[in-house]
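**Q** This structure is in structure tokens; I'll ask about it shortly.
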Amino acid sequence: MYLGRIVSAGMNKEGNPFIAYRVSSRSFPNRMAKSFKDKAAIIPKEGYETDIFENAYIAYNCVKIIDNIAIVSNGSHTDVIADKISVGMNIKDALTISLMAMDYEKDDYNTPRIAAVIKPKTNEEEYEGYIGIVTHEKILVEKISKNKAFFISTYECQSPKEVDFIASDSESSAKFILDEGEFENFTNPVASVGSVFDGKWKIKSINL
């Protein structure tokens, strides 16, 4: 089954907060994930840089960390959500308002925008997480309950679906969403990014 882009977030089976992202693509498979200290990006592979002139939506930051809060998405709304959180907006409103403002992608497929935000427990605040989507027909933002994990995708699974996310660290979370567990059934994987919070977010990426 082809799901397109996939976002997963929540708590893994060990009770640690995580975020994960997978690019699956039929039209633009020549892309890669590149991870940095506080963000990760999806970019064209060397030799395919001109693909962005065919579709401006294929390159973007897919993960950003702001004040220990992790944002993961399938487009430029990653930055919009992060900007709103950076000026003090709560994570539910930052996610909801950004999806509403950016709307679905105006490409040939009306590609939905999907995203999740995870705020780990600190001395001052409790764990909190939300996952959402905006399509040409709806907008949906749902809370991620403690000790639960969900995924959502641009196609087929356009409502959050609970998943057993069996990955204990950042690298294994990137591998898990790429081709393990339930995600093994989904076709056309290209690249993935994962991060598990263990006092801080460490971002890892995998490219096929």
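**Q** Would you tally the residues in the stretch 152-197 being farther than 18 Å from residue 14 by Cβ and in contact (Cβ under 8 Å) with a residue 60 or more places away in the chain?
**A** Adding up the residues that qualify gives 17.
**Q** In addition: Being of a type in the set (Gly, Ala, Ser) and open to solvent by 20 Å² or more (accessible area, probe 1.4 Å) narrows it down to one of 94, 101, 70, 82, so name that one.
**A** On the way: 94 fails: open to solvent by 20 Å² or more (accessible area, probe 1.4 Å); 70 fails: open to solvent by 20 Å² or more (accessible area, probe 1.4 Å); 82 fails: open to solvent by 20 Å² or more (accessible area, probe 1.4 Å).
After applying the criteria, what remains is 101.
**Q** List, please: which pairs have Cβ atoms under 7 Å, are six or more places apart or on different chains, and start with a residue in the stretch 15-27 that is open to solvent by less than 10 Å² (accessible area, probe 1.4 Å) and end with one that is modelled with pLDDT under 95 and part of a strand (DSSP E or B)?
**A** none
**Q** Any residue in the stretch 95-106 that is under 15 Å from residue 138 (Cβ atoms) and at pLDDT below 95 sitting within a Cβ distance under 6 Å of a residue that is open to solvent by 50 Å² or more (accessible area, probe 1.4 Å) and among the β-branched types (Val, Ile, Thr)? List the pairs, counting only those 6 or more apart or interchain.
**A** Within 6 Å, no pair qualifies.
**Q** Taking the options 143, 106, 121, 138, name whichever one is closer than 20 Å to residue 26 by Cβ and basic (Lys, Arg).
**A** On the way: 143 fails: closer than 20 Å to residue 26 by Cβ; 121 fails: closer than 20 Å to residue 26 by Cβ; 138 fails: closer than 20 Å to residue 26 by Cβ.
From the options 143, 106, 121, 138, the qualifying one is 106.
**Q** Here's something else I'd like to know. Name every residue in the stretch 107-139 that is touching a Pro at 6+ places or on another chain (Cβ under 9 Å), of a type in the set (Phe, Trp, Tyr) and at pLDDT below 95, in order of residue number.
**A** none
**Q** Identify, from the list 111, 78, 122, 50, the residue that is of a type in the set (Ser, Thr, Tyr) and under 20 Å from residue 146 (Cβ atoms). Spell out the reasoning first.
**A** Details: 111 fails: under 20 Å from residue 146 (Cβ atoms); 78 fails: under 20 Å from residue 146 (Cβ atoms); 50 fails: under 20 Å from residue 146 (Cβ atoms).
Selected residue: 122, the only one of 111, 78, 122, 50 that is of a type in the set (Ser, Thr, Tyr) and under 20 Å from residue 146 (Cβ atoms).
The values are calculated or read from the model by the stated rules, or taken from the named source; none is laboratory data. The shown structure was predicted, so the numbers you read here are calculated from the model rather than taken from an experiment. Neighbour counts run over all protein chains shown; Cβ positions are idealised from the backbone, glycine included. Ligands, DNA and RNA are excluded from the accessible area calculation, which covers all protein heavy atoms including side chains. Shrake-Rupley method; radii C 1.70, N 1.55, O 1.52, S 1.80 Å.
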